[in-house]
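The values are calculated or read from the model by the stated rules, or taken from the named source; none is laboratory data. None of these values were measured; they are calculated from a predicted model. Positions of Cβ are generated from backbone atoms using ideal geometry, with glycine treated the same way; all protein chains shown enter the neighbour counts.
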Amino acid sequence: MNIKQKSIPEHLEESLAEVRQIAENSSDILINRLVIGNISCAVIACEGMLSTAIMTDLIIKPLTEISIQLDSENLFQHIQENLLLSLDRPVVRNYSDFFKLLYSGFVILLAEGQNKALAFGVQGYDKRSIGEPSGEKNILGAQDGFIEAIRTNMSLIRRRMKTPLLKFELSQIGNLSQTDICLCYMTDRVPPQLLRQIKKKLATVELDTVLSTGYLQSFLEKCRGSLFDSVSLTQRPDVLCSKLLEGRIALLIDGTPFVIVIPKLFVENFQTLDDYNNKPYYAGFSRWIKYLAFFLAVLLPALYIAVCMHHPELLNSTLVLILTEAEQEAPLSLPTETIFVLLMYEVIREAGLRLPKSVGGAVSIVSGLIIGDSAVASGLISTPMLTMVAISVIAAFVTPDLNAPITVLRLLFIIVGGLWGLFGIGLLGMLALYNLCATENFGFPVTAPLAPFISKSMRDVATRVNFQRMQSGNFTVEEYHEQNS
């Protein structure tokens, strides 16, 4: 049955019959009949989506205490004007809105002789309590993170931004799931063109269900062949508020604790909340450690292979003898040996992620014994190679948001380093840099503020100045839009 334009009939029995037919007598639809002022009515709710205690105290009890005689035309008017019941109480005129509100935790009141219904918001479904985010750990900042309930996530943002300039726009997406999504932005800082483009992109989504951020992320990324993300995810309300102040747009999705932030800058992968809680000199030092860790994670195994196979003259004689002695007993070539170790690491990492926590620790112990000790002792893997791979893997932990591109680029650099040495590494490095510089989203390049270069924003890229100097302004997407419009 097409319910989009079908209106609610005046007769109560006909309305209830159509509700049962559309819902196909689903067990979670609760229909309770009652009489209000000699008028036959029905209260309809979805089990598990609302608080029965709140519904009883704020809805059922006040309705049953109406003692004055009213006709069907004046009943709804009396309820709207003289009873509070709930703050959120829209009027429903068709079955499309009827079921959308019903499955969102609203109580629906139908009355004989009325071709409309009243809805009362008494949502009270079970949800996970607010706790520390599983990722994006910090030491000195707040310890709360987003959860799956979108309304709760909106309140976490509002607690930190008590200004009318912060705007939330709620809507539904997904033909069957009707998932609640919320656009969040600062009205005085967001570029209007960026906001229009995002709304236009979201309007093209025709998915049946939207269950997580990955369903919408591809619609919001314009560079399909890029190795690097042009939208970011965050679990932290404080981090999101800082992005909103820079003119970004956030997309909250009901059912997931991750929030999409548009657009994303590449340098944000090396910035953490603790950078702004520590002393500037230490924050700058730790930031350069992260830059170094990124290059070690991507290039160290490839450089080791390239130098050993094609450029041994770059090493002193003592180091050449040590490496030669270690590698001559290994049965595999250097690139094959390295790829084998990395693939085994990826298998172990995936097993540790998917297995229960009680078993995940055992996987780490067994893998350490097998690869770290047995493989080296048996001569399958050389000790220097295992050391290089271990340093590269540990360095990748410093920038977890870049895990996917680091994993792919590391393998590609190993292959070209084994084939063509430093020349191949340099060539692939230029291609990777080209891919990064070509990545943009809605006209905003991810390489900003490095390319295009914005000098004053380098205070939070090359180093981290104190807030007295930083309060004079930093890079915002609105500034970039004004400079390039």
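Restricting attention to segment 127-147, report how many residues are modelled with pLDDT of 90 or more and either over 22 Å from TYR185 (Cβ atoms) or among the hydrophobic types (A, V, I, L, M, F, W, C) (or both).
Our first condition is that a residue be modelled with pLDDT of 90 or more; within segment 127-147, this holds for 145-147.
Among the residues that remain, those that are also either over 22 Å from TYR185 (Cβ atoms) or among the hydrophobic types (A, V, I, L, M, F, W, C) (or both) are: 146-147.
Selection size over segment 127-147: 2.
Restricting segment 160-191 to residues that are of a type in the set (Lys, Arg) and touching a residue at least 24 places away in the same chain (Cβ under 8 Å) leaves a set whose member that is surrounded by the fewest Cβ atoms within 10 Å (Cβ to Cβ) is ARG160.
Does segment 18-32 include one or more residues that are under 18 Å from GLN114 (Cβ atoms) and touching a Lys or Arg at 6+ places or on another chain (Cβ under 9 Å)? Outline the logic, then answer.
Step one: filter segment 18-32 for residues under 18 Å from GLN114 (Cβ atoms), giving 18-19, 31-32.
Right, trim to touching a Lys or Arg at 6+ places or on another chain (Cβ under 9 Å) and you get 18, 31.
Yes, some residue in segment 18-32 is under 18 Å from GLN114 (Cβ atoms) and touching a Lys or Arg at 6+ places or on another chain (Cβ under 9 Å).
Sub-8 Å Cβ pairs linking a first residue in segment 270-297 that is over 26 Å from ALA432 (Cα atoms) to a second residue that is at pLDDT 90 or above and of a type in the set (D, E, K, R), at least 6 apart or interchain, are LEU273/ARG236; LEU273/ASP238; ASP275/ARG287, ordered by first then second residue. Does segment 361-373 include one or more residues that are surrounded by 15 or more Cβ atoms within 10 Å (Cβ to Cβ), closer than 17 Å to ILE339 by Cα and either in the same structural domain as VAL298 (by TED's automatic domain parsing) or of a type outside the set (A, V, I, L, M, F, W, C) (or both)? Yes - at least one qualifying residue is present in segment 361-373. Out of THR52, THR56, one residue alone is polar (S, T, N, Q), surrounded by fewer than 14 Cβ atoms within 10 Å (Cβ to Cβ) and over 22 Å from GLY113 (Cα atoms). It is THR56. When segment 409-454 is limited to residues that are in contact with a helix residue (DSSP H, G or I) (Cβ under 9 Å, 6 or more places away or on another chain) and hydroxyl-bearing (Ser, Thr, Tyr), the one that is farthest from VAL231 (Cα to Cα) turns out to be THR447.
The residues of segment 454-485 that are modelled with pLDDT under 80 and of a type in the set (Val, Ile, Thr), listed by number, are THR476, VAL477. Residues in segment 235-264 that are more than 24 Å from GLN172 (Cβ to Cβ) and in contact (Cβ under 8 Å) with a residue 24 or more places away in the chain: ARG236, ASP238, VAL239, CYS241, LEU245, GLU246, GLY247, PRO263, LYS264.
Being farther than 19 Å from LEU428 by Cα and either in a helix (DSSP H, G or I) or of a type in the set (A, V, I, L, M, F, W, C) (or both) holds for only one residue in VAL320, VAL307, and it is VAL320.
Hand me the list of helices (runs of 4 or more DSSP H) wholly inside segment 335-439 holding 1 or more residues that are modelled with pLDDT of 90 or more and within 26 Å of the chain's Cα centre (by Cα). Give the derivation first.
On the way: elements: 357-367, 383-396, 403-438.
Passing ranges, in order: 383-396, 403-438.
Here's the yes/no breakdown for (1) among the hydrophobic types (A, V, I, L, M, F, W, C); (2) closer than 30 Å to ASN277 by Cα:
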{"residue": "LEU34", "(1), (2)": "yes, no"}
{"residue": "GLY48", "(1), (2)": "no, no"}
{"residue": "ALA53", "(1), (2)": "yes, no"}
{"residue": "ILE60", "(1), (2)": "yes, no"}
{"residue": "PHE98", "(1), (2)": "yes, no"}
{"residue": "GLY105", "(1), (2)": "no, no"}
{"residue": "ASN115", "(1), (2)": "no, no"}
{"residue": "ILE130", "(1), (2)": "yes, yes"}
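For segment 23-60, how many residues meet the condition of being of a type in the set (A, V, I, L, M, F, W, C) and within 34 Å of the chain's Cα centre (by Cα)? Counting residues in segment 23-60 that are of a type in the set (A, V, I, L, M, F, W, C) and within 34 Å of the chain's Cα centre (by Cα) gives 9.
Output the helices (runs of 4 or more DSSP H) that fall wholly within segment 1-91 and possess 1 or more residues being hydroxyl-bearing (Ser, Thr, Tyr) and modelled with pLDDT of 85 or more, or say none. Break it down stepwise before answering.
Details: elements: 12-23, 52-55, 61-64, 72-82.
Correct list: 12-23, 61-64.
Taking segment 430-449, which residues are closer than 30 Å to PRO312 by Cβ and in contact (Cβ under 8 Å) with a residue 60 or more places away in the chain? Hit for segment 430-449 is ALA432, nothing else.
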